[in-house]
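Written below as C-alpha cells is the structure these notes are about.
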Amino acid sequence: MASKGILKNTQPSRMPSMSNQGGGKQSTVPPPPPTVVFGRRTDSGRFISYSRDDLDSEISSVDFQDYHVHIPMTPDNQPMDEPLDSSSITAKVEEHYVSNSLFTGGFNAVTRAHLMDKVLDPGPGHVQMSNSGSNAITCAVHGCDNKVPRNSRGIDIVPCDCDLKVCVECFLDAVKSGGGLCPGCKEPYKMTEWDEVVANSNNEAARALSLPPPPSSGPGKMERRLSLVKQSTMSRSETGDFDHNRWLFETKGTYGYGNAIWPDGINGDDDDGSGGGGHGQPKELMNKPWRPLTRKLKIPAAVISPYRLLVLVRMVALGLFLTWRIKHKNEDAVWLWGMSIVCEIWFAFSWLLDQLPKLCPVNRATDLSVLKEKFETPRPNNPTGKSDLPGVDVFVSTADPEKEPVLVTANTILSILAADYPVEKLACYVSDDGGALLTFEAMAEAASFANLWIPFCRKHDIEPRNPDSYFSLKRDPYKNKVKADFVKDRRRVKREFDEFKVRINSLPDSIRRRSDAYHAREEIQAMNKQREKSGDEPLEPVKIPKATWMADGTHWPGTWLQPSPDHARGDHAGIIQVMLKPPSDMPMYGNGSEKSPIDFKDVDVRLPMLVYMSREKRPGYDHNKKAGAMNALVRASAIMSNGPFMLNLDCDHYIYNSQALREGMCFMMDRGGDRLCYVQFPQRFEGIDPSDRYANHNTVFFDVNMRALDGLMGPVYVGTGCLFRRVALYGFDPPRAKDHSPGCCSCCLPRRRKKSSAAAAADSEETRALRMGDFDEDDMNLATFPKKFGNSSFLIDSIPVAEFQGRPLADHPSVKNGRPPGALTIPREILDASIVAEAISVISCWYEEKTEWGQRVGWIYGSVTEDVVTGYRMHNRGWKSVYCVTQRDAFRGTAPINLTDRLHQVLRWATGSVEIFFSRNNALLASSKMKILQRIAYLNVGIYPFTSIFLIVYCFLPALSLFSGQFIVQTLNVTFLTYLLLITVTLMLLAVLEIKWSGIELEEWWRNEQFWLIGGTSAHLAAVVQGLLKVIAGIEISFTLTSKSLGDDVDDEFAELYVVKWTSLMIPPLTIIMINLIAIAVGFSRTIYSTIPQWSKLLGGVFFSFWVLAHLYPFAKGLMGRRGRTPTIVYVWSGLVAITISLLWVAIKPPSENAASQIGGSFTFP
C-alpha cells in the first residue's frame, strides 16, 4: 500500500516498542533501544500515531495490514542500522567466508559459493588473503599457527576493538611481555584476563541475539547508501565548527543526499546574492580561503599567434593554388591533371579537418599539496585527518594468457595495488575474458607476493612500483635512499621476486601435471567401478572428459585446457573470487618481529581489495568483446565497492607514477569538476627501438592533437589510462546542462518548453544531478532505471550513492553541486555473500537483454574502436574531458615494434573509424551541445581512412608521369613553383611551431609523417574495404589480439623489430616502391636519349617519386630484416606486380607508328 507507506525501517516490525525513556539507576542492563512510533498517513497528509495496544486492536482492519515505521530522517535521527541479529563480529566472519569462497553462476544455473581449501599450492599467506578453508581461524600474529578460540555460540573471541584475532598464547604474551598492548592497533587491552575476555564475548553474543544493538561508531548500510554524515551535537563554542543540527532545526534548511542547502537570508547573508544556485552560504564557507587544485597554462602568445596566422596563410595559399590548378588545365595529359586535382582537393580538405581543432591548445598543471590539505588534513569535521577522497575502482582486462603473458598482467596488478592512494578507497578488478585457470592462479600468486612488495614500496618510496620494471632500471637504485636498511630490504625483495617469476613461469606445467594426475585418478576410479558392475563381462574403454583441476582438487569452472561443454572459451559459468578482501578502515602496521623478512614496524601493511572476475559466456549470445567485458566490470564493481571513479588499464599498461590517481583526482575534485566525464592520460611506451622506426610512440597524436583538443571539450578516449566518472558512463547528462540551448537548426525546429523556475527549484538535489537528455525533467525518476540498467536493485541503489560521492568538495560558495566535507570518511560496508552473489548475477550472459547496456549505458557496442565511440557519446551529451600530462609519466605500456603487428594494429583502428563514419555516431549527426571544432575533430576520426584511396593514386602519379613523359601541369612555370614553395614552407613552419608548444622533437614529427604514408597505403585502404563490406554485405570483421609477449631472442631487446612476417597489407606499398624505382630509371633513360630532352618534366616526376620513396624508407628497411635477409616472397610479389602494371600500361597506351617523330619517341634501350 504505497499510499499508506511512510518509511520502512530496517528493524523487523514485530519488535516490541520500548517507550520507557525515563532516567533510572545506572546498572549493567543495556540501554533501551530508540522509541518506535507506529502510525499511518491520512488522506489529508497528516501522520496519526498509535500505541501498541491501539495497533493490536485494529490490526485486523484492511487499512493496517501493511504498516511501516515512520522515522523522520534528520542528522540527529538517522536511519537505523542493520537487522538485529548482525554484529561487527559476525560481519567479520561473513567477510572471511566471502574472501575464501569462489563464487560461480550464470544462465539457468544456481549461484554457488565453493569454499576453497587453498587457492594455490602451499605457500606463505597474508592476513587479507584467503589462506585456509578450515572452520577455525588461524592467529593473525605473524609466525603463529595456532587457532583462534571461539565462545559458546561459535563466534571467534576478539580481545580488542580493532578485531585482531589472536590465540590465547599470543594474548598472554602481549599482556605479560608486550605491555598489555594489542599487536594490531598498539592500544592497551581493556581486559587483561582471558576469562574476562571470554565472558565479555559471550555477553555480547547473547545481547546481539536478544536486544537491538547500541548506536555503533560506524554508520549502517542504509546510512551509507544515502551518504548521510552524522554531525556532532556540540555547540559552536565547543568545536568551532558550524553546527548543522542546530541550524537544521532552528532555520528552514533542508537536507538532500547528505548535502545541506543554505536558504537565502541565513547567517546574515540577506544582502549578499552570491550564493550558488540562489542559496545563501554560511559565514564559515564565505570567509574560508580557497585554493584551486588545477591550473590552466596557456601557450605563450609569441608561439600561438604566429601559429594561427600561418594556418590562415596556408588556407589562403591552398585556396589560391587549387583555383589556379583548376583554371590551368594540362591539355596534353588531361587524365593526369584530373586525377591530381581530385587528390589535391581531398588532401586540402583532410588537412583542414586535422588542423582546425589545433587552434586552441592548452597545458594544465595540478597541485597535489592542495589536494592533501583539503582531503587528508585534520579539520574540525575530520579531527583524525582520515582521507575524504572518493573511491576508485581500477579495471584490468585480459583475454588470452598466451598472447598476454600472465607475468605482465601480474606486474600490472602489483603496480596498481601499490599506488599512492588511500588503501580503503582503492579496489582492483581483473577481468579474465578467457576464463583461464592460468590467469586465476597467477593473480593469486600476485596477491601473495603483494604482502611483501607493497609495504616495501611504501617504506622506501619506490618508483616505479612495477617490480619487473623497477629491478630492470639502468640507473643507480640506491640514489636518494636514506634509510640504512634499504640495501638489505632490496636484496631480499629481489630474491623473493625472482622466486615469484619462477613460480609464475612454471604455472602452465604445474596446472598440466596436476590435471593429468587427477584425470588418471578419475579414470582408475571409473574403471574400478565398471569392473564391480560388469563382473566378468568384457570392459569398454572409459571415456572421461579431461578436466582442468584447481589446487584444492576440484574442477575449474572456467575454460579447460581441453575444451568441453560448459568449459570452453565461449561457454563457461561466471566466476568471481575475492583474492584480497576489503582492508580495515584504520591503518594496520607491521609487528616488526624478528621472524619477518623485512622490518615493517611503522609501515601500513594493508592491501587494497583485489577481485578476479570472469563473466559468463554461452553459445548464442553476443558477448561484444572488450566492451562487453568492461560493462560487466562496471556492474560488478558497482555492487561490490561502488567507487564513483573508475580507471581502466590494459593488462600491459602499469602505473609508472604512483601518484597518478591523485593527479587525476585533482581535476575531478576541482571547481567545475562535476562536469568532467573522464581524465585521459597520455600513453607512453617501453621497449621501442631507439629510432622509433614505425612511430610507435605516436607523440604527434598524444602531445599535439590531444593537447589541442584539451582546449575544446576535451581529448578523445583512447582505450586505456583513463579515469572515468561512473555516472557519466551510466548515460546521464552533466549537472547544470543547458538542455535547451539553441542549435544550428533552432530556427526551423520547435524548441521544448522550459519548466518554470518554481518547478525546477522543487526538484530534489539527486534528481537534478541524475538526468538523461531523452526525458523531460518531470518524467525522470528512479522507476525507469530497471529498463535501462537491468533488474538488479543493488545496482540501481548504488547509482545515486556514486553520484553523490563523486561530487567536488563544497568548501567554497563558487563550488556548485558539491558535497559537505567529511562525507566520505565513513567506512565501507562489509562485503557479504549476498553482495557477491548479486555481482555474479549481473555478469551473466542474459543480464543485458532488454536493457540499454552497450546502447546508451556503459561502453558502446557496434564498433571495433569502442573507446572512441564511448567518449564521443559522453561529449555529445555535453560532458567535458581533460588531458592530464604529468611531469613523471603516469602509465607505461608496450607496443608492437614488428612491422606486421604494427600494421594490423593500425588496421583495427582504421576499421573502427570506418564503422563510426557509417553509423549513428558520425559527428555530422552530433547534438548542439558539441562545439563545432570538437565536431570537426570527431568527423576527422571517421574520415581519415578514406584518404588512403587518394593517397595511393597520388603515389602512383609520379611513376605515371615518368612513364608517359607528361606532368600534372603543362609546364613548370614560376607561378606553380611559387605556390608549391609557399605551401611547403608554411607546412614546415607549422611543424616547427607545433614542436615548440608541444615539446616533441623534429625526428618524431618526421617519423609520424613517414608512417602516415605507410599506413595510408596499406592498412587504411584495407580498412575502407572491410568497412564497406560490413556496411553493404553485412560481413563481420574479426581481429586477433595484439601480441604482448617478448621476442625469443633474449640477447637482443629489439629482436622483434627485424622479424619479417608476410601479410597482404604489404602489397600496395611494396608495389609503389617498385613502380617508382622503375619509373625513375625509365624517365632518365628517355630524357637522355630523346631528341629534345624535357628536363623540367623529368625533374618534376623524379622529385615527387623521391618524396614518395623517402616516406616509404622505413617500410623498405623493415623488409630487409636484420642483415638484408629479405624473404623470397617479397621479390616474387614485386616482380609480378611490376610486370602486370607494365603490361597494362602498354595495353592502355600502345606505341604509335610515328613515335619516332614525337618528343622522346626515338627512345631505345642502350
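Based on what the data block shows, is Ala910 surrounded by 23 or more Cβ atoms within 10 Å (Cβ to Cβ), under 30 Å from Glu663 (Cα atoms) and modelled with pLDDT of 90 or more? Can you show your working first?
Details: surrounded by 23 or more Cβ atoms within 10 Å (Cβ to Cβ): yes; under 30 Å from Glu663 (Cα atoms): no; modelled with pLDDT of 90 or more: yes.
Judged against the criteria, Ala910 is not a match.
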Of all residues in region 699-754, which are open to solvent by 50 Å² or more (accessible area, probe 1.4 Å) and modelled with pLDDT of 50 or more?
Phe701, Arg736, Lys738
Of the numbered conditions (1) over 27 Å from Asn466 (Cα atoms); (2) among the charged types (D, E, K, R); (3) open to solvent by less than 10 Å² (accessible area, probe 1.4 Å), Asp670 fails exactly one; give the number of that condition.
(3)
When the residues of region 803-812 are filtered to those that are under 23 Å from the mean Cα position of the chain (by Cα) and under 14 Å from Asp388 (Cβ atoms), which remaining residue is most open to solvent (accessible area, probe 1.4 Å)?
Gln805
For residues in region 345-403 being open to solvent by less than 20 Å² (accessible area, probe 1.4 Å) and among the acidic types (Asp, Glu), which is farthest from His572 (Cα to Cα)?
Asp388
Checking Ala419 against (1) buried (at least 22 other Cβ atoms within 10 Å of the Cβ); (2) among the small types (Gly, Ala, Ser); (3) outside any loop (DSSP other than H, G, I, E, B), which single condition isn't satisfied?
(3)
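Is it true that Ser469 is of a type in the set (Gly, Ala, Ser) and in contact (Cβ under 8 Å) with a residue 12 or more places away in the chain?
Details: of a type in the set (Gly, Ala, Ser): yes; in contact (Cβ under 8 Å) with a residue 12 or more places away in the chain: yes.
So Ser469 fits the description; yes.
Working carefully through the options Thr870, Thr886, find the one that is farther than 30 Å from Phe1115 by Cα, out of contact with any Lys or Arg (no Cβ under 6 Å at 6 or more places or on another chain), part of a helix (DSSP H, G or I) and open to solvent by less than 40 Å² (accessible area, probe 1.4 Å). Before the answer, list the steps.
Values: Thr886 fails: part of a helix (DSSP H, G or I).
So the residue among Thr870, Thr886 that is farther than 30 Å from Phe1115 by Cα, out of contact with any Lys or Arg (no Cβ under 6 Å at 6 or more places or on another chain), part of a helix (DSSP H, G or I) and open to solvent by less than 40 Å² (accessible area, probe 1.4 Å) is Thr870.
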Looking at Cys677, Cys651, which is the one that is modelled with pLDDT of 95 or more and in contact with a helix residue (DSSP H, G or I) (Cβ under 6 Å, 6 or more places away or on another chain)?
Cys677
One residue is enough: does region 504-511 have a residue meeting the conditions loosely packed, with under 13 Cβ neighbours inside 10 Å, within 30 Å of Val408 (Cβ to Cβ) and of a type in the set (D, E, K, R)?
yes
Among what's in region 960-1000 and is open to solvent by 70 Å² or more (accessible area, probe 1.4 Å) and of a type in the set (A, V, I, L, M), pick the residue that is farthest from Lys358 (Cα to Cα).
Val974
Among the residues of region 983-997, is any in contact with a strand residue (DSSP E or B) (Cβ under 9 Å, 6 or more places away or on another chain) and touching a residue at least 12 places away in the same chain (Cβ under 8 Å)?
yes
If Leu438 passes every condition in (1) within 30 Å of Arg618 (Cβ to Cβ); (2) open to solvent by less than 10 Å² (accessible area, probe 1.4 Å) but one, which one does it miss?
(2)
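In contact with a strand residue (DSSP E or B) (Cβ under 6 Å, 6 or more places away or on another chain) and not in a helix (DSSP H, G or I): is that true of Ala547 in this structure?
Values: in contact with a strand residue (DSSP E or B) (Cβ under 6 Å, 6 or more places away or on another chain): yes; not in a helix (DSSP H, G or I): yes.
Against the criterion (in contact with a strand residue (DSSP E or B) (Cβ under 6 Å, 6 or more places away or on another chain) and not in a helix (DSSP H, G or I)), Ala547 qualifies.
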Here the residues within region 428-446 that are within 24 Å of Pro583 (Cβ to Cβ) and not in a helix (DSSP H, G or I) are Cys428, Tyr429, Val430, Ser431, Asp432
Scan of region 813-846 for residues that are part of a loop (DSSP other than H, G, I, E, B), open to solvent by less than 10 Å² (accessible area, probe 1.4 Å) and not hydrophobic (A, V, I, L, M, F, W, C), ordered by number
Gly818, Gly822, Ser844
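To keep it simple, each residue is scored yes or no on (1) of a type outside the set (Asp, Glu); (2) modelled with pLDDT of 95 or more; (3) over 29 Å from Ile511 (Cα atoms).
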site: Glu402; (1), (2), (3): no, no, no
site: Val430; (1), (2), (3): yes, yes, no
site: Asn480; (1), (2), (3): yes, no, yes
site: Lys483; (1), (2), (3): yes, no, yes
Among the candidates Lys543, Lys601, Lys533, Lys581, residue that is in contact (Cβ under 8 Å) with a residue 40 or more places away in the chain and either closer than 27 Å to Val98 by Cβ or open to solvent by 60 Å² or more (accessible area, probe 1.4 Å) (or both)
Lys581
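For the condition under 15 Å from Tyr654 (Cα atoms), touching a residue at least 40 places away in the same chain (Cβ under 8 Å) and of a type in the set (Asp, Glu), what is the one hit in Glu496, Glu441, Glu463? Please lay out each step first, then the result.
Details: Glu496 fails: under 15 Å from Tyr654 (Cα atoms); Glu441 fails: under 15 Å from Tyr654 (Cα atoms).
None of the others qualify; the one that does is Glu463.
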Could you list all residues from region 979-1033 that are within 29 Å of the chain's Cα centre (by Cα) and outside any helix (DSSP H, G or I)?
Gly999, Ile1000
Out of the residues in region 916-944 meeting the condition of being open to solvent by less than 20 Å² (accessible area, probe 1.4 Å) and outside any loop (DSSP other than H, G, I, E, B), tell me which one is farthest from Val716 (Cα to Cα).
Ile943
Please work out if Ala427 is in contact with a strand residue (DSSP E or B) (Cβ under 6 Å, 6 or more places away or on another chain) and closer than 21 Å to Phe891 by Cβ.
yes
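The values are calculated or read from the model by the stated rules, or taken from the named source; none is laboratory data. Please read all numbers here as calculations on a predicted model, not as lab measurements. Quick reminder, even Gly has a Cβ in these numbers, built from the backbone with ideal geometry, and neighbours come from all protein chains shown. We work out accessible area using only protein heavy atoms, side chains counted, and drop any ligands, DNA or RNA first. Shrake-Rupley method; radii C 1.70, N 1.55, O 1.52, S 1.80 Å.
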